[in-house]
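Have a look at the structure below before the remarks.
The values are calculated or read from the model by the stated rules, or taken from the named source; none is laboratory data. From a predicted model like this one, the values you see are computed outputs, not experimental measurements. Every residue, glycine as well, gets a Cβ built from its backbone with ideal geometry; the counts of neighbours run over all protein chains shown.
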Amino acid sequence: QVQLVESGGGLVQPGGSLRLSCAASGNIFSIRLMGWYRQAEGKQRDLVAVITSGGTTNYADSVKGRFTISRDNAKNTVYLQMNSLKPEDTAVYYCKLVFGLTGRTYWGQGTQVTVSS
């Protein structure tokens, strides 16, 4: 079994910052990719940022230059530093993990990020 525990969401004013964390535990081996997706109310779940085990990153165009994804392989933890937040960043943010050998995918329970004055 694999568990993903997210933290760091909350309410922030426009222009503010938040840092999300996602720690993976359990039967962890050969992680291919970890990352973040988000789902706003009434919309589909979309990519925010992902990072491979080798450190290659991919960002949604809407967050480039504002968000930074990083990873601590020793702790099986991925972070998302979010700066210059906008109201349109409001969503539930989900952590995703993909194993390299099996391709099996796991999702976290989600953490709410609300950007509002």
Item to check | Hits in region 98-110 - residues which are loosely packed, with under 13 Cβ neighbours inside 10 Å, modelled with pLDDT of 95 or more and small (Gly, Ala, Ser) | outcome: none
Next on the checklist: Where the second residue is in a loop (DSSP other than H, G, I, E, B) and the first is of a type in the set (Lys, Arg) and lies in region 2-13, which pairs have Cβ atoms under 8 Å and are six or more apart or on separate chains?
Outcome noted: none
Checklist entry - Quick one: which of 31, 51 is of a type in the set (A, V, I, L, M, F, W, C) and at pLDDT below 95? => result 31
Checklist outcome for this item: Note on region 69-97: residues surrounded by fewer than 17 Cβ atoms within 10 Å (Cβ to Cβ), out of contact with any Phe, Trp or Tyr (no Cβ under 7 Å at 6 or more places or on another chain) and assigned to a strand (DSSP E or B) are 72
